[in-house]
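Remarks on the structure that follows.
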Amino acid sequence: MEAALRITNCRVMTPQGVIRGGLAIDKGKIVAIATDAGLPSAHESIDGGGRHLLPGVIDGHVHFREPGLTHKEDFETGSRAAARGGVTTVLDMPNTLPPVETADILRDKASLLAQRSLVDYGLIAVVTDRNLDRIPELAGAGAIAYKIFLGPTTGDLPSPDDGQIVEALGKIAPTGLPIGVHAENPQIIAAATARLKLLGRTDPKAHAEARPALAEAESIQRMILFAQASGARLHIFHMSSKEGVELVRRGKADGVNVTAETCPHYLILTAEDMARLGPTTKINPPLRGPEDIEALWAGIHDGTVDFVATDHAPHTAEEKTHPLIWENASGASSVQFFLPLMLEQVARGCLTLADLARVTAEAPARMYGLYGRKGAIAVGSDADLTLVDLDRRDTVRAADMENKVRLTPFEGTE
Ligand code: DOR
Ligand code: ZN
């Protein structure tokens, strides 16, 4: 048999460990993994140059802004940045215009993206205070997960109240799809914001103080309780705090079906960096402290934090540079730098390369029901691959971004 493509001379990261050799690909699937000599012949061949071949990176959390917000990003620019950064699958968030609230809107979005994305993608649907009766049809139309925004953020989608959330989880549980939450309590945020504004605060760090860890912890605790009662699969998006890690760890120990993700910015930057770096660091939930970074790493190591995703959330330069922090848009663009930033954590000794493959591919694939097709280098899986050169040093430069807006809080990071 002649395969379409073979990639030789690699260190191949498989679930069983690293193999010296390569793999063969046919019809988009991996058909063989072997030493170079053991591979079938192929129409085309790529020499991996002794580099590491990783399972294609999955970014489980991006906002590519289609439809309706394409002045910030679109699927072509977003997916090009993803591909250039080694990301082969993205899961796209529903706070677009219109928001992904009905099966029709989801289908329209899917047909808008078909043939245009450079990477594979899944679409997440939103549950608001007005679409509880649409929950089953969204699963039927192909949503990969549901999302609830508990706190205010881009798009200001109306949150369901607690009664509606309990009803919603009851409808979501039988679909088998996960329900991810943006976990921040809006009342705690509103009170803290009002106090800081009265004090005349307009500096970047005021944003972090306005959204304390308690707001995240309260939402996570409440959602864990609701998930336990309903049997729905709960996922905590972009978890930022030590308190969050502790609650998810306890929830898992209690047998609750809960997973969590964190983001590179919560592992690398703190609220103290906000004054220096300015409003590119305004993100919801906000950057926190060194104890939170330590707790998130511990959570990654013991499996409490299942995976890492970017929460790639672009805005225009104008929206991101307003001198008053309250007027700035929240979110940072990181999809292109996701893997390099995580590889730097490997170089620093925070993460092994096997752990990196787990938190950027295997675990998100498992959570979103993609494992077997994606998330591991295995015969029969999609040939989603990322070849990395661990000896190469590079520096994050906004000017290199493929995104519509070239702005990153990681400018100058090696
Ligand atoms: O900072 C954020 N920006 N956090 C979110 O949860 C939403 C996102 C956006 O869509 O801009
Ligand atoms: Zn997000």
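The values are calculated or read from the model by the stated rules, or taken from the named source; none is laboratory data. Quantities reported herein were computed from a predicted structural model and do not represent experimental measurements. Here the Cβ positions follow ideal geometry from the backbone for every residue, glycine too, while neighbour counts run over all protein chains shown.
Things worth noting here:
- Scanning segment 111-136 for residues that are among the acidic types (Asp, Glu) and either within 19 Å of residue 179 (Cα to Cα) or assigned to a helix (DSSP H, G or I) (or both) turns up 129, 133.
- Selection count, segment 56-80, where residues are more than 16 Å from ligand 1 (Cβ to nearest atom), surrounded by 21 or more Cβ atoms within 10 Å (Cβ to Cβ) and over 12 Å from the mean Cα position of the chain (by Cα): 2
- Of all residues in segment 274-300, those that are touching a residue at least 40 places away in the same chain (Cβ under 8 Å) and not in a loop (DSSP other than H, G, I, E, B) total 16.
- Matching residues, segment 277-292, being within 16 Å of residue 320 (Cβ to Cβ) and basic (Lys, Arg): 282
- Note on segment 299-316: among residues that are more than 16 Å from ligand 1 (Cβ to nearest atom) and under 19 Å from the mean Cα position of the chain (by Cα), the one that is nearest to residue 333 (Cα to Cα) is 307.
- Only residues that are away from ligand 2 (no atom under 16 Å from the Cβ) and in contact with a strand residue (DSSP E or B) (Cβ under 6 Å, 6 or more places away or on another chain) were counted in segment 327-357, giving 2.
- Boolean, residue 218 is within 30 Å of residue 326 (Cα to Cα), within 16 Å of ligand 1 (Cβ to nearest atom) and either in contact with a strand residue (DSSP E or B) (Cβ under 6 Å, 6 or more places away or on another chain) or of a type outside the set (Phe, Trp, Tyr) (or both): no
- Scanning segment 281-301 for residues that are of a type outside the set (A, V, I, L, M) and more than 16 Å from ligand 2 (Cβ to nearest atom) yields 288, 289, 290, 291, 292, 294, 297, 299, 301.
The rows are residues; the columns are (1) away from ligand 1 (no atom under 13 Å from the Cβ); (2) farther than 20 Å from residue 336 by Cβ; (3) more than 19 Å from the chain's Cα centre (by Cα); (4) surrounded by fewer than 23 Cβ atoms within 10 Å (Cβ to Cβ).
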residue: 249; (1), (2), (3), (4): yes, yes, yes, yes
residue: 271; (1), (2), (3), (4): yes, yes, yes, yes
residue: 277; (1), (2), (3), (4): yes, no, yes, yes
residue: 281; (1), (2), (3), (4): no, no, no, no
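- Cβ-Cβ contacts under 8 Å between residues 6 or more apart (or on different chains), taken from a first residue in segment 135-160 that is under 15 Å from residue 189 (Cβ atoms) to a second residue that is among the aliphatic types (A, V, I, L, M) and modelled with pLDDT under 95, are listed as 149/157.
- Filter result for residue 357 (within 19 Å of the chain's Cα centre (by Cα), over 22 Å from residue 268 (Cβ atoms) and surrounded by 22 or more Cβ atoms within 10 Å (Cβ to Cβ)): no
- From the list 261, 327, the one residue that fits, being more than 19 Å from the chain's Cα centre (by Cα), within 16 Å of ligand 1 (Cβ to nearest atom) and of a type outside the set (Gly, Ala, Ser), is 327.
- Qualifying residue in segment 49-58 (condition: within 16 Å of ligand 2 (Cβ to nearest atom) and either within 23 Å of residue 347 (Cβ to Cβ) or at pLDDT 95 or above (or both)): yes
- Applying the criterion of being within 16 Å of ligand 2 (Cβ to nearest atom) and surrounded by fewer than 24 Cβ atoms within 10 Å (Cβ to Cβ) to the residues of segment 308-320, the residue that is nearest to residue 247 (Cα to Cα) is 320.
- Pairing residues of segment 94-113 that are more than 12 Å from residue 66 (Cβ to Cβ) and among the acidic types (Asp, Glu) with residues that are at pLDDT 95 or above and away from ligand 2 (no atom under 16 Å from the Cβ), at Cβ distances under 6 Å and at least 6 apart in sequence or on separate chains, gives 101/131.
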